[in-house]
Amino acid sequence: MNKNSDHSVQDDDVRAALRACSAHFLFALGFNSFVNILLLAYPVYMFQLYDRVIPARSWETLIALGIGLTLAVCAKGVFQWVRGTLLVRASARIEQRLADRLFTVIMRRSASGSGPANAQLIRDLDSYRQFVTGKGALAAIDMPWGFLFWGVLMAIDPVIGLVAGLCLAVSAAATILNSILTKRALIKANVIGNASQQFSEAATRSADAVMGLGMLNAVVGRWRRERNKAIQEQLIASGRGVSFSSFLAAARILMQGILMGVGVLQVINGHVPAGVVFAAILIFNFAMKPIDQLIAAWEDYHTVKDSMRRIDAALTQTPAVITSLHLPRPAGSITCQDVTFVPPGSDRPILKRISFHLAAGQSLGLIGLNGSGKTTLARILTGGLRPNVGTVRLDGAELNQWSNDEFGSFFGYLPQSVGLLPGTIADNIGRFGRFSDDDIIDAAKRARVHDLIVRLPKGYETPLDEGTMLSGGQRQLIALARAIIGNPSIVILDEPNSNLDGPGEEALVSCMLDLRDRGTTVILITHRPNLVLHLDQAAVLKEGVLVSFGPTQDVFKHIGRPAIVKKVAHVNE
């Protein structure tokens with residue numbers, strides 16, 4: 001039995017992925033300590049040059065110090081490489097833990113109409129993953145070393161340490177001020193930028209209509225207005241950032257000059273050796289490094305924070321489905337009981353108390369005008385949508401008791417939009433590896449599209465991309481083959497003849513009769529009654545209400561139409 005796990009007991013996916021990388025971050029922290037400790041090798045080297053090598057003119061000491069510096073630098077490089085490798089592997093683990101789950105959520109939300117039909121969440125995952133294992137991680141693990149390097153300066157000389165601490169405090173205060181000034185502009189720019197991106201994606205998907213209706217200039221103008229708003233906010237935030245960076249760059253040179261001046265005074269007063277001055281400047285720059293990393297991380301922080309919020313919301317609202325028991329393959333009986341569906345954000349139901357029963361192996365023709373709710377009912381019968389009220393049962397069990405993989409092994413569906421995916425014809429018919437080559441060819445023959453496919457230069461290996469010159473009817477027959485592959489128990493066909501010509505409709509009717517002979521439950525959704533005449537049962541939807549259901553002849557008499565069944569030769573290719 002399947003059940004949706006409750007979020008109160010389900011572990012937070014994003015934080016669970018981070019916890020799975022805790023060992024990587026812990027070891028990266030350890031190796032980062034060695035990296036920062038070995039940074040001190042160069043100030044020590046410089047101090048020794050000024051205080052021992054130059055006064056003594058000792059070549060031996062210089063060579064020894066050079067060897068020591070070389071070893072320290074090489075070791076630092078190795079530790080830095082190990083640290084980077086650990087963070088890269090942490091990034092890969094986050095990808096492994098979240099990517100498939102998030103893509104599944106995108107597909108489920110898009111199918112149910114409860115989320116965007118784009119890959120924004122995947123881009124969010126990339127931004128989040130790269131931040132927490134890149135700029136964000138380095139800023140976090142290096143931050144304590146700013147205080148430690150300042151402590152080294154205090155140990156060298158309290159006066160130099162106090163001046164360096166004041167300079168560091170000014171830099172930190174400037175960073176905090178910059179974050180306050182740019183935060184609102186960055187958030188607003190991201191919101192407007194996302195809206196502009198969504199509009200451009202929608203316009204691209206409808207490019208044929210835009211060009212055919214002479215809307216290009218109008219659409220470009222609308223996109224430009226939306227984008228200008230985002231660019232304006234980005235310019236405000238970037239301008240503040242540039243001003244801050246310029247101030248900090250100038251201030252850093254001034255701070256180094258002040259620190260050097262204080263150091264020289266300490267040398268003049270005999271409190272420290274001359275080499276300390278130059279070593280202090282280097283250590284001060286090391287102490288400034290975490291602030292630089294914090295500035296770099298801050299530029300991406302708000303964007304990543306929004307990305308994490310969207311990821312967390314999507315995973316929370318669409319909990320994972322847990323399978324604990326596999327039900328047997330159903331015979332194919334379907335029961336709808338008081339099914340009512342209200343789309344998100346609306347208070348008007350599309351379907352109202354739909355109830356009917358279809359025995360295994362029966363065929364049903366569902367007819368109605370556009371907007372009567374036929375496609376919505378089809379999506380509910382496939383499990384893509386969940387009714388607000390009522391249940392849909394397959395052999396007595398609710399649809400959510402099967403996982404999607406199990407469902408696909410005995411269910412066939414031809415949506416109104418066809419929905420072929422990038423890949424070869426064989427990939428699409430075989431549902432990307434779920435069925436064998438023999439199954440693919442058998443399904444193509446039963447859909448009467450095999451001869452068309454083998455006449456193509458690459459046959460079944462023909463890629464279905466934008467450059468493939470196939471008509472809408474040919475694509476619809478390929479999608480029909482995909483729907484009927486593997487001898488399914490149930491097949492739902494939503495407007496399967498919308499792009500078919502006369503021979504194509506004959507192939508469709510022949511395929512439906514073949515399915516009926518095999519004992520497959522068939523539900524045909526159409527607004528053309530002539531196709532329904534060949535089926536056992538008929539139903540009429542009107543404004544979301546099932547106004548008639550029963551044997552086809554009786555339903556057609558009820559709606560006042562003659563029921564003349566045409567003879568159609570059933571030919572198996």
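The values are calculated or read from the model by the stated rules, or taken from the named source; none is laboratory data. All values reported here derive from a predicted model rather than from experimental measurement. Positions of Cβ are generated from backbone atoms using ideal geometry, with glycine treated the same way; all protein chains shown enter the neighbour counts. Each accessible area value is taken on the protein alone, full model and side chains, heavy atoms only, with ligands, DNA and RNA left out. Shrake-Rupley method; radii C 1.70, N 1.55, O 1.52, S 1.80 Å.
Things worth noting here:
- HN-Hα J in Hz across region 42-48 - Karplus 6.51, -1.76, 1.60, θ = phi - 60°, x for Gly and Pro: 5, x, 4, 4, 5, 4, 5
- Once the Cα atoms are used to define both axes, helix 472-484 deviates from the longest principal axis of the chain by about 90 degrees.
- Accessible area per residue in Å² at 1.4 Å probe, computed on the chain: 51
- Calculated from backbone phi, Karplus (6.51, -1.76, 1.60) coupling profile of region 283-295 in Hz, x at Gly/Pro: 5, 4, 5, 5, 5, 6, 4, x, 5, 4, 5, 5, 4
- Mean residue ellipticity (222 nm) of the chain, computed from DSSP H runs ≥ 4 via -39,500 (n - 2.57), nearest 500: -20500 deg cm²/dmol
- Violating pairs (Cα-Cα greater than 21 angstrom) within the set 188/229; 352/374; 135/305; 352/557; 352/542: 352/557
- Counted charge near residue 23, where neighbours are those whose Cβ lies closer than 11 Å (Asp, Glu -1; Lys, Arg +1): +3
- Alpha-carbon centroids, region 273-344 and region 53-99: separation in whole Å: 31
- For the chain, projected area of the alpha-carbon convex hull averaged over all directions, nm²: 35.7
- Rounded FRET efficiency, nearest 0.05, which uses the C-beta distance separating residue 404 from residue 557 and R0 of 41 Å: 0.50
- Quotient of Cα Rg and 2.2 N^0.38 Å for region 425-525, N being how many residues it contains: 1.01
- Residue 523 long-range amide H proximity, modeled H, under 5 Å: 364, 491, 492, 493
- Radius 13 Å from Cβ of residue 297, net charge of other residues (Lys, Arg +1; Asp, Glu -1): -1
- Accessible surface of region 370-511, 1.4 Å probe: 48 percent of it comes from carbon and sulfur atoms.
- All C-alpha pair distances within region 129-263, sorted into 5 Å bins from zero, spread as 2, 9, 11, 12, 14, 12, 9, 8, 7, 5, 4, 3, 2, 2, 1, 0 percent across the bins.
- Against the chain, whose longest principal axis comes from its Cα atoms, helix 22-39 is set at around 30 degrees.
- Legend: calculated FRET efficiency, residue 194 to residue 246, from the Cβ-Cβ distance at R0 = 25 Å, rounded to 0.05, equals 0.25.
- Karplus-derived 3J(HN,Hα), 6.51/-1.76/1.60, for each residue of region 428-445, Hz, glycine and proline x: 5, 5, x, 6, 6, x, 7, 10, 7, 4, 4, 5, 5, 5, 4, 5, 5, 5
- Taking the longest Cα principal axis of the chain as reference, the axis of helix 135-156 is set at about 10 degrees.
- Sites residue 26 and residue 155, calculated FRET efficiency, Cβ-Cβ separation with R0 30 Å, nearest 0.05: 0.60
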